[in-house]
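Notes for the one structure printed next.
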Amino acid sequence: MNKPRILVVDDKENMLKLFARMLGDGYSVTTAADGARGLALVLAGSFDVVVSDIRMPGADGFEILKAVKE
């Protein structure tokens, strides 16, 4: 059975590690360390859930949300 896919986008490495550790057993977790990488991942693939910081370099959380909605 395929695990649901979660994308976590945050420029703080400790937050990425925390989410990966908390969710890794039940979900397939992909992380992105900046907004530009997160945006590229959203545009390239599909995720069941996207968790994003608001203020980050490259693209902010609102840009990522807009891409997810499209």
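The values are calculated or read from the model by the stated rules, or taken from the named source; none is laboratory data. From a predicted model like this one, the values you see are computed outputs, not experimental measurements. Here the Cβ is made from the backbone with ideal geometry for all residues, glycine too, and neighbour counts use every protein chain on show. Each accessible area value is taken on the protein alone, full model and side chains, heavy atoms only, with ligands, DNA and RNA left out. Shrake-Rupley method; radii C 1.70, N 1.55, O 1.52, S 1.80 Å.
For Thr31, the residues whose amide H sits under 5 Å from its own are Val8, ignoring neighbours fewer than 5 places away on the same chain, with H placed 1.01 Å from N. Simple spin-label estimate for Ala40 and Ala20 gives 1.7 nm between the two label positions (7 Å along the Cα-to-Cβ direction from each Cα).
Across the stretch 50-57, computed HN-Hα scalar couplings (Karplus, 6.51 cos²θ - 1.76 cosθ + 1.60, θ = phi - 60°) run 10, 10, 9, 5, 8, 9, 8, x Hz from first to last residue, x flagging Gly and Pro. Treating each Cα of the chain as one equal point scatterer and applying the Debye formula with no solvent, the log10 of I(q)/I(0) at q = 0.17, 0.20, 0.26 Å⁻¹ comes out as -0.53, -0.73, -1.15.
Entry comment: accessible area of the stretch 10-68 is 64 Å² per residue, from protein heavy atoms only and a probe of 1.4 Å.
Each of Glu70, Glu63 has its accessible area taken with a 1.4 Å probe; listed largest first, they run Glu70, Glu63. Where does the chain land at 222 nm, in deg cm²/dmol rounded to the nearest 500, when only DSSP H runs of n ≥ 4 count, each adding -39500 (n - 2.57), divided by all residues? About -12500 deg cm²/dmol.
Over the stretch 1-51, Cα pairs under 8 Å with separation of 6+ residues give a relative contact order of 51 percent.
Charge dipole of the chain (Cα centre as origin; +1 on each Lys and Arg Cβ, -1 on each Asp and Glu Cβ, all else neutral): 160 debye, rounded to the nearest 20. With 0.36 nm allotted per residue and the present C-alpha distance subtracted, the Asp48-Lys12 stretch has 10.7 nm of extension available.
Heavy-atom accessible area for Lys66, with the other protein chains in place and a 1.4 Å probe, reaches approximately 130 Å². Scanning residues 5 or more positions from Ser52 or on other chains, those with amide H under 5 Å from its amide H are Val9, with H placed 1.01 Å from N in the peptide plane.
Of the solvent-accessible surface of the stretch 27-70, computed with a 1.4 Å probe over protein heavy atoms with every protein chain present, carbon and sulfur atoms account for 53 percent.
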